[in-house]
Amino acid sequence: MDYVVALLVGIAAGAGLAVLCVFEWAKRVRARDRAAESAARQAREAAAALAEREARFDDFANAKRAEINGVERAREARFAERAAEADRLAGELRSRQAQFDARVIAYRELREENAILKRDLQNLDVNLHKLELDGEARDLRQADLTARTDQLAKRYLTENVKAVVQAVGPNNFEACKARLSDAVGRVRKAGFAVPADEEAGLHAALRAEFERAVRAEFERQEQARIRAQIREEERVRREVEGELRRIERERLVVQAALDQALAEARGQHSAAVDQLQARLAEAEARAQRTKSMAEQTKTGHVYVISNVGTLGPGVFKVGMTRRLDPLERVVELGDASVPFPFDVHMMIRCPDAPALENALHRALHARRVNRANPRKEFFRSTIDELVGLVREHHGEVEYVADPEASEYRQSLAMSEADAAFVEQVYDRADGDRDGVVAGDDD
C-alpha cells in the first residue's frame, strides 16, 4: 500500500513536473516568438530606413546630375554667345575693312566726281532761280486771286446787305438780322475780313432801316386808320341819321297817340297818357344820346375778349370799336376764320376809347403774343391783371371772370355718336336747302 501511495505520489509529482515543464516550454516559445516579431519589426524598420536613404540618395544624385547638366548647358550657351560675338566682331571688321577700302579712291575718280558736283551745283543754282521766279509769279497770282476774292466777297456782302435792307419790314427784323449775320459769316469763311466795327455798323444800319420801315408802316396804318375812321364816321353818321329818323317816326307816332289820348281824356289824368308821355320822353332822350354820340368821334367801347378753344387759356384780345352796337364787332371777330366764337369779359364805354385802348396796350406790351408785329392786339395775361389795369386807367368796371366757351366745352364733352348725329342734321339741312335752291333755279 505504501508503495502504491508512493507510486501515486511519484506519478502526481511527475505529472506536476511535466506540467511545469510544458508551461516553461510554452513560455519560452512565446518569448522566442516575441523576439522573432521584434527582430522582424526591426528588420522592416531597417529596410524602410534603407529605402528612404536610397530615395534621398537618388534625389541627391538626380539633383547633382541636373546641376551638372545645367552647368554644361550654361557653358555651352556661353561658348555659343562668345562664338557669335566673335563672328559679329569678324563681320564688323570685314565691314569696316570694306568701308575703308571704299574710301580709298583714285585721284581721277575725285576729279570726275568734282566735275559732276560742279555741274550739279550749276543746275541747282538754275533751279533755285527758277523756283524764285515761280514763287514770285505764284505770289502775284495769289495776290490777284486774293484781290478778286475780296472783291467778290465785298460785292456779295454789299448785295446781300442791299437785299436785306430792301426786304426789311415792320414784322421781319429777326429774319433780316439772321440773313445779315449769315452773309457776314459766309464772307468770313471765304477769307474776307469783316471787322467787328463794320459788322456793328451794318447791324446799326439794319436797325435804322427797320425803324424807318416801322415808322412808314405806322404812317400807312395811321392813314388807313384815318380813312377807316372817316368811313366809320360816315357809317356812324348814316346809322345815326337812320336812328334819328326812326326815333323821329316813333316820336311822331307817340306824339299823335298822346294828342289823341289827351283829346279823348279831355283834361282828365289817365295811365295811358302817362305811359305815352314816358315813351315820348324816352324817344327824345334816345335822340339826344344819338346826336351826342355822333358829335363825339372818340366815344366808343373798349372790349376784352377771349377764345379758349382757338387761342388757349390766358390769351386775351384788347380792342376798340365805335359802333353803336359793339357786340357786332365781337361777332365779326368770331366769324368763319376761327372755329369758336369769342367770349366777352369786359365791354367798357368811355368818351375817349382810343386813349384807353392805347394805355392798356402800353401796359401789356411785354405780354404780347406776337412780339414781331406790335399791331396785333393779343396778350398773355389774367383777368385780374386786366381788371386792375382798367380800374387804374378808367375806373370801376363790370366784368366776367370765367369764359363761357359753350361751343368749345360742348365739343369736348360731345360723344362721337352725338357728333355724328349733329353732322347728319346739318347734312340734311344742307340737302334741303340745295333742293330749294335747285327748285328756284328751275
- With criteria (1) part of a helix (DSSP H, G or I); (2) within 30 Å of residue 370 (Cα to Cα), residue 98 comes up short on (2)
- Matching residues in segment 185-203 (among the hydrophobic types (A, V, I, L, M, F, W, C) and either touching a Lys or Arg at 6+ places or on another chain (Cβ under 6 Å) or surrounded by 11 or more Cβ atoms within 10 Å (Cβ to Cβ) (or both)) number 5
- Task: Report whether or not residue 85 is more than 30 Å from residue 209 (Cβ to Cβ), out of contact with any His (no Cβ under 9 Å at 6 or more places or on another chain), charged (D, E, K, R) and exposed (fewer than 10 other Cβ atoms within 10 Å of the Cβ).
- Result: no
- Item | Residue within segment 342-361 that is within 22 Å of residue 309 (Cβ to Cβ), surrounded by fewer than 17 Cβ atoms within 10 Å (Cβ to Cβ) and without any contact (Cβ under 8 Å) to a residue 12 or more places away in the chain present | no
- Just checking, which of 319, 242, 309 is in a helix (DSSP H, G or I), surrounded by 14 or more Cβ atoms within 10 Å (Cβ to Cβ) and modelled with pLDDT of 70 or more? 309
- Report, by residue number, each residue of segment 392-415 that is part of a helix (DSSP H, G or I) and within 17 Å of residue 320 (Cα to Cα). 393
- Query: List, please: which pairs have Cβ atoms under 8 Å, are six or more places apart or on different chains, and start with a residue in segment 386-406 that is on the phi > 0 side of the Ramachandran plot and end with one that is of a type in the set (A, V, I, L, M)?
  - Reply: 405/308
- Flagged pairs (Cβ under 9 angstrom, 6 or more apart or on separate chains; first in segment 66-90, part of a helix (DSSP H, G or I); second loosely packed, with under 10 Cβ neighbours inside 10 Å) are none
- Picking from 338, 369, which residue would you name as being more than 27 Å from the chain's Cα centre (by Cα) and not aromatic (Phe, Trp, Tyr)? 338
- Task: Kindly check whether there is at least one residue in segment 367-376 that is touching a Lys or Arg at 6+ places or on another chain (Cβ under 9 Å), charged (D, E, K, R) and in a helix (DSSP H, G or I).
- Result: yes
- Task: Kindly indicate whether residue 324 is modelled with pLDDT under 90 and either closer than 15 Å to residue 402 by Cβ or over 38 Å from the mean Cα position of the chain (by Cα) (or both).
- Result: yes
- Note on the structure: Counting only residues that are outside any loop (DSSP other than H, G, I, E, B) and more than 25 Å from residue 376 (Cα to Cα), segment 144-199 contains a total of 34
- Message: For segment 153-184, give me the residue count where each residue is in contact (Cβ under 8 Å) with a residue 24 or more places away in the chain and surrounded by 13 or more Cβ atoms within 10 Å (Cβ to Cβ).
- Response: 18
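The values are calculated or read from the model by the stated rules, or taken from the named source; none is laboratory data. Since the model is a prediction, treat every value here as computed from it, not as a measurement. Reconstructed Cβ throughout: ideal geometry from the backbone, glycine too, with neighbour counts over all protein chains shown.
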